Amino acid sequence: MVSYKELGLVNTRAMFAAAVKGGYAIPAFNFNTMEQMQAIVQAAVETKSPVIMQVSKGARNYANATILRYMAQGAVEYAKELGCAHPEIVLHLDHGDSFELCKDCIDMGFSSVMIDGSALPYEENIALTKKVVEYAHKYDVTVEAELGVLAGVEDEVASEVSHYTKPEEVIDFATRTGCDSLAISIGTSHGAYKFKPEQCTRDPKTGKLVPPPLAFDVLHEIEKKLPGFPIVLHGSSSVPQDEVDTINAFGGKLPDAVGIPEEQLREASKSAVCKINIDSDSRLAMTAAVRKYLAENPSHFDPRQYLKPARDNMKKMYIHKIVDVLGSNDKLLQK
Ligand code: G3H
Ligand code: 13P
Ligand code: ZN
């Protein structure tokens with residue numbers, strides 16, 4: 001058993017309370033590779049932002065759970081080396097789907113876990129979430145739960161249609177589970193194809209898809225039921241069209257990829273939404289840079305040559321999200 005506190009990580013409690021009060025959101029960036037980790041830490045240090053580094057079940061399978069945990073420990077030390085005296089880095093399990101997985105992460109030094117029981121019947125979601133909360137709180141680890149189902153694939157959790165969170169359930173759910181934050185469904189979804197073209201309109205000038213707005217009425221009803229309670233938005237990549245265009249210009253094929261407009265994420269950040277999950281935008285930033293580099297330098301084959309621009313492009317994207325969208329820059333609690 002390793003406590004995250006020994007690794008210099010923090011849980012989400014204090015940063016969420018400050019974010020809800022201050023009208024900004026903490027970025028939750030997924031990572032699978034060293035370059036993503038480095039870019040996240042560089043961006044967080046340069047902007048003096050707290051940050052959540054999250055690991056999915058797929059990331060654990062790809063990179064190895066132990067390696068990822070040591071990378072997070074390394075991230076804290078790297079942040080200090082870059083000049084941040086008191087880094088506020090959370091190591092979070094994204095979309096945990098069982099008690100055993102959550103326990104395993106808590107035991108190996110994660111400071112926060114998500115138990116995603118959103119595909120289960122309501123009472124089963126409550127029972128599973130409560131069991132994880134009881135274990136996690138013994139070690140001062142914070143727990144994110146989910147109510148309502150996002151369209152698309154959530155690791156093992158699949159749903160064809162989007163079911164918005166029912167505001168009338170949130171008080172009962174939060175009280176009975178004791179969860180520390182709640183992921184809700186208001187129209188976001190995972191991946192680079194968040195809406196079907198028939199759900200969107202088209203910008204007459206660019207021909208690009210314009211997605212329908214998020215259900216802010218549902219969010220505001222939830223906020224009224226649970227004043228000050230930390231709310232989480234998954235599936236919040238904006239799928240930057242310049243990255244999509246670069247990918248398509250250099251041999252990729254991502255027709256009609258569409259995300260959540262940043263203006264709507266900016267608005268959500270000012271509400272009780274205090275954690276915004278971004279993974280696909282990092283994948284797009286990395287792929288765009290690699291495709292462009294290799295197309296322009298066909299004789300190069302040293303991975304450092306093409307991963308460096310990829311890392312720089314991800315860092316630029318992370319800084320943009322922190323400063324221009326979520327507003328978590330200069331929000332470290334301990335200067
Ligand atoms: O919610 C999904 C995240 O983007 C993680 O995706 O399961 O492919 O690692 P993944
Ligand atoms: P995106 O696919 O929109 O980046 O969502 C990531 C996410 O919600 C991770 O849990
Ligand atoms: Zn998610």
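List of remarks:
- The set of residues in the stretch 30-56 that are closer than 17 Å to L333 by Cβ and either in a helix (DSSP H, G or I) or open to solvent by less than 10 Å² (accessible area, probe 1.4 Å) (or both) comprises A44, V45, T47, S49, P50, V51, I52.
- So A85, is it open to solvent by 20 Å² or more (accessible area, probe 1.4 Å), within 27 Å of G327 (Cα to Cα) and assigned to a loop (DSSP other than H, G, I, E, B): yes
- Verdict on F195 being surrounded by 18 or more Cβ atoms within 10 Å (Cβ to Cβ), modelled with pLDDT under 95 and away from ligand 1 (no atom under 16 Å from the Cβ): yes
- Among the residues of the stretch 193-210, those that are without any contact (Cβ under 8 Å) to a residue 60 or more places away in the chain and within 12 Å of P261 (Cα to Cα) comprise L209, V210.
- Of everything in the stretch 262-321 that is within 16 Å of ligand 1 (Cβ to nearest atom) and β-branched (V, I, T), the residue that is nearest to V244 (Cα to Cα) is T287.
- The listed residue being more than 23 Å from M15 (Cβ to Cβ), open to solvent by less than 20 Å² (accessible area, probe 1.4 Å) and at pLDDT 95 or above, out of V239, V232: V239
- Residue check for S98: surrounded by fewer than 22 Cβ atoms within 10 Å (Cβ to Cβ), polar (S, T, N, Q) and modelled with pLDDT of 95 or more: yes
- Residues in the stretch 175-207 that are in a loop (DSSP other than H, G, I, E, B), closer than 23 Å to R266 by Cα and touching a strand residue (DSSP E or B) at 6+ places or on another chain (Cβ under 7 Å): D180, S185, T188, H190, G191, K194, F195, C200, D203.
- Single residue of N11, N61 found to be assigned to a loop (DSSP other than H, G, I, E, B) and either in contact with an Asp or Glu (Cβ under 9 Å, 6 or more places away or on another chain) or not hydrophobic (A, V, I, L, M, F, W, C) (or both): N11
- Just so you know, in the stretch 88-119 the residues that are within 15 Å of ligand 2 (Cβ to nearest atom) and of a type in the set (S, T, N, Q) include one that is nearest to P230 (Cα to Cα), and it is S112.
The values are calculated or read from the model by the stated rules, or taken from the named source; none is laboratory data. Just so it is clear, the model here is predicted, and its values are computed rather than measured. Neighbour counts run over all protein chains shown; Cβ positions are idealised from the backbone, glycine included. For the accessible areas, the whole protein counts, side chains as well, though only heavy atoms, and no ligand, DNA or RNA atoms are used. Shrake-Rupley method; radii C 1.70, N 1.55, O 1.52, S 1.80 Å.
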